[in-house]
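Input: a single structure, listed below in structure tokens.
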Amino acid sequence: VVYRHGRIVEEQGRAAVSPEHGPYQLDAILQALAQPGTVVIGELRPKDADPELFAERTTAAIAKLRAAGVPGERITVVGASKGAVIAMLVSSRLEDSQIGYVPMAGCNDSILERYPIRLHGRLLSIHEASDGIGGSCRRFFNRSPEVARREELRLETGLGHGFLYRPLPEWVTPTLRWI
């Protein structure tokens, strides 16, 4: 599992805290995703990191895993907010129908217009009904006929964008099933 965190962690570091949403519980999220038999990779990005650059780094890391014999169905990229954009860019570049992706709170019109995203692989998109930043990925799916499998989960926690700041069972449990 490759986990790509939200932008606030870039800005504030591992102990990031939003005045609106509280602490970004990065370590707890990584622990929640680390089930028996699973290796979780979750590197910190520097401030103002370029999503294209980190998508390229992630793509190269996955290519190495594939070259070492790791089956695509054993690889999943989970991304939160800006991390979701990175995950979708990886999906667009790899064009591998076996790899899984879980973009959370990363789909909106400005991302759709800014990046040449054409998704591939198995995608579970997760968004929160009360989130004003990341919404449905339906339009991304519509322009991505190569998607092998897709599902979308709309949460109603009332936490807005903050739903991805902690390992809530509402998103962790379906993500683990997807992995």
_Net charge within 12 Å of V147 by Cβ-Cβ distance, Lys/Arg positive one each and Asp/Glu negative one each, not counting V147 itself?_
+1
*Å³ per residue of the Cα convex hull, for the range 57-179?*
92 Å³
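To the nearest 0.05, how large is the calculated FRET efficiency for D27 and D48 if R₀ is 30 Å and r is the Cβ-Cβ distance?
Once rounded, the FRET efficiency stands at 0.85.
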*Extreme residue, positive dipole direction of the range 1-130, given options A63, G100, G79 (C-beta unit charges)*: A63
*Taking springs between alpha-carbon atoms closer than 10 angstrom, which of G42, G158, G72 fluctuates most in the Gaussian network model of the chain?*
G158
*Counting DSSP beta bridges in the range 1-102, what percent are antiparallel, to the nearest 5?*
20 percent
*How do 114-126, 164-176, 132-144, 93-105 rank on mean C-beta neighbours within 10 Å, highest first?*
93-105, 114-126, 164-176, 132-144
*Which shape class applies to the range 4-126: rounded if a/c is under 1.5, otherwise prolate when a/b exceeds b/c and oblate if not, where a ≥ b ≥ c are the square roots of the Cα gyration tensor eigenvalues?*
oblate
*Sequence-distant or interchain residues sharing an amide H contact under 5 Å with S136, placed H: which?*
none
*Taking amide H positions as placed in the peptide plane 1.01 Å from N, state which residues far from L155 in sequence (5 or more) or on other chains have amide H under 5 Å from it.*
H127, E128, A129
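Read-outs: derived from the displayed coordinates by stated rules, not from any lab. Just so we're clear, the structure is a prediction, and the values are computed from it rather than from any experiment. FYI the Cβ positions are ideal-geometry reconstructions off the backbone, even for glycines, and counts take in every protein chain you see.
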